[in-house]
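Asks: Here it is: the structure, laid out below.
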Amino acid sequence: MPLIAGVDDAGRGPVIGPLVIAGILIRDNQIPSLRSLGVKDSKLLTPAQRQKLDKEIKEIAVKYAYVDLSPAEIDKVVMARVKLHKLNLLEAQAMARVISELKPDLAYVDASDILEERFGKQIKELLPFTVTIISEHNADVKYPVVSAASILAKVRRDQFIAKLKETYGDFGSGYPHDAKTIQFLSNWIRRYGSFPGFVRKSWKTIRALEAETKGKQTQL
């Protein structure tokens, strides 16, 4: 019975917290079981639904795996001005690590690159064994095994964020468009003069806040 993997990420866009890559491994005949659970793109589910499905998916899965990319790892790639791929390459490397751990015959991945085939090829070149890679945009909508991976990734990232909030207070969603997040970051930089390790310092939002704070200090 062929072993099928699904791989997806959670937290690509936020300025706060890690980027989580998750993968699950199932037997081909278990795909109907995933469908019967009602898995779908994690963004279409409530937190309570994701929590419930996370447990149910793990009961069905032959195996599951994660790679957590810290803000420091993300910053290192983005700030290096690596030509062409930057964050896409980092994600391809992380997905290859997940697939290497799962060892499927076939892997479906949600493509981060605008060129789906290029992203799949990058992953395949990083693998120490032969595996068929199906790399597509919106794979988390098309394929239940990727939907399941997206749920595991989102739940794990939410756990990281919950722990940060327990320590530092409510900073909102952690996304640049969230006024609560921006207020938290603005207050932090004014108070401490630099951002903590759980913040992605390479993001434009962060660089703008730093420049704004330095500008105000210069005027004093």
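Asks: Is at least one residue of the stretch 190-204 aliphatic (A, V, I, L, M), outside the structural domain of I21 (by TED's automatic domain parsing), touching a residue at least 12 places away in the same chain (Cβ under 8 Å) and in contact with a Pro (Cβ under 7 Å, 6 or more places away or on another chain)? Can you show your working first?
Replies: The initial filter retains those residues of the stretch 190-204 that are aliphatic (A, V, I, L, M), namely 199.
Those left that are additionally outside the structural domain of I21 (by TED's automatic domain parsing): 199.
Next, only the ones that are touching a residue at least 12 places away in the same chain (Cβ under 8 Å) stay: 199.
Those left that are additionally in contact with a Pro (Cβ under 7 Å, 6 or more places away or on another chain): 199.
So far as the stretch 190-204 goes, yes, one or more of its residues are aliphatic (A, V, I, L, M), outside the structural domain of I21 (by TED's automatic domain parsing), touching a residue at least 12 places away in the same chain (Cβ under 8 Å) and in contact with a Pro (Cβ under 7 Å, 6 or more places away or on another chain).
Asks: Also: With the condition kept exactly as written, say whether any residue in the stretch 88-103 is among the basic types (K, R) and touching a residue at least 24 places away in the same chain (Cβ under 8 Å). Before you say what the answer is, go through the steps one by one.
Replies: Taking the stretch 88-103 and keeping what is among the basic types (K, R), we get 97, 103.
Filter again for touching a residue at least 24 places away in the same chain (Cβ under 8 Å), leaving 97, 103.
Looking for residues that are among the basic types (K, R) and touching a residue at least 24 places away in the same chain (Cβ under 8 Å), one finds at least one in the stretch 88-103, hence yes.
Asks: Looking at the stretch 120-136, which of the residues that are over 20 Å from P2 (Cβ atoms) and in contact with a helix residue (DSSP H, G or I) (Cβ under 6 Å, 6 or more places away or on another chain) is surrounded by the fewest Cβ atoms within 10 Å (Cβ to Cβ)? If you could, list the steps in order and put the result at the bottom.
Replies: As a first pass, look at the stretch 120-136 and keep what is over 20 Å from P2 (Cβ atoms): 121-122, 125-126.
When the remaining residues are screened for being in contact with a helix residue (DSSP H, G or I) (Cβ under 6 Å, 6 or more places away or on another chain), the result is 122, 126.
On the way: Q122: 22, L126: 16.
Among those that are over 20 Å from P2 (Cβ atoms) and in contact with a helix residue (DSSP H, G or I) (Cβ under 6 Å, 6 or more places away or on another chain), it is L126.
Asks: Just to check your reading of the model, which residue among E125, E136 is assigned by TED's automatic domain parsing to the domain that holds D68 and farther than 30 Å from R35 by Cα? Steps first, answer last, please.
Replies: On the way: E136 fails: farther than 30 Å from R35 by Cα.
From the options E125, E136, the qualifying one is E125.
Asks: Ok, one more. Residues of the stretch 35-58 being touching an Asp or Glu at 6+ places or on another chain (Cβ under 9 Å), surrounded by 17 or more Cβ atoms within 10 Å (Cβ to Cβ) and in a helix (DSSP H, G or I), which ones?
Replies: Matches in the stretch 35-58: L37, S42, R50.
Asks: Here are some conditions: (1) among the charged types (D, E, K, R); (2) surrounded by 13 or more Cβ atoms within 10 Å (Cβ to Cβ); (3) under 20 Å from M79 (Cα atoms). K204 meets all but one. Which one does it not meet?
Replies: Condition (2) is where K204 drops out.
Asks: Looking only at residues in the stretch 5-34 that are of a type in the set (D, E, K, R) and under 21 Å from H137 (Cβ atoms), which one is modelled with the lowest pLDDT?
Replies: Our first condition is that a residue be of a type in the set (D, E, K, R); within the stretch 5-34, this holds for 8-9, 12, 27-28.
Filter once more, keeping what is under 21 Å from H137 (Cβ atoms): 8-9, 12.
Values: D8: 98, D9: 97, R12: 94.
The qualifying residue modelled with the lowest pLDDT is R12.
Asks: Could you list, in sequence order, the residues of the stretch 122-168 that are among the aliphatic types (A, V, I, L, M), part of a helix (DSSP H, G or I) and under 20 Å from K40 (Cβ atoms)? Break it down into steps so the answer makes sense when it comes.
Replies: Pass one, the stretch 122-168, residues among the aliphatic types (A, V, I, L, M): 123, 126-127, 131, 133-134, 139, 141, 145-146, 148-149, 151-153, 155, 161-162, 164.
From what is left, the residues that are part of a helix (DSSP H, G or I) are 123, 126, 139, 141, 145-146, 148-149, 151-153, 155, 161-162, 164.
Once the filter is applied, which keeps residues that are among the aliphatic types (A, V, I, L, M), part of a helix (DSSP H, G or I) and under 20 Å from K40 (Cβ atoms), the stretch 122-168 yields A139, V141, V145, V146, A148, A149, I151, L152, A153, V155.
Asks: Looking only at residues that are among the small types (G, A, S) and within 25 Å of T181 (Cα to Cα) in the stretch 1-31, which one is surrounded by the fewest Cβ atoms within 10 Å (Cβ to Cβ)? Show your work before the answer.
Replies: Here is the first cut: in the stretch 1-31, the residues among the small types (G, A, S) are 5-6, 10-11, 13, 17, 22-23.
Next cut, within 25 Å of T181 (Cα to Cα) only: 10-11, 13, 17.
Details: A10: 24, G11: 24, G13: 12, G17: 22.
My answer is G13.
Asks: A follow-up question, please. Suppose we filter the stretch 74-99 for residues that are surrounded by 15 or more Cβ atoms within 10 Å (Cβ to Cβ) and assigned to a helix (DSSP H, G or I); how many remain? So that I can check it myself, show each step before the final result.
Replies: Within the stretch 74-99, the first condition is being surrounded by 15 or more Cβ atoms within 10 Å (Cβ to Cβ), and the residues that meet it are 74-75, 77-78, 85-99.
Those still in the list that are assigned to a helix (DSSP H, G or I) too: 74-75, 77-78, 87-99.
Qualifying residue count, the stretch 74-99: 17.
The values are calculated or read from the model by the stated rules, or taken from the named source; none is laboratory data. Values in this document were obtained by computation on a predicted structure and should not be read as measured data. Cβ atoms come from the backbone with ideal geometry, glycine included; neighbour counts cover every protein chain shown.
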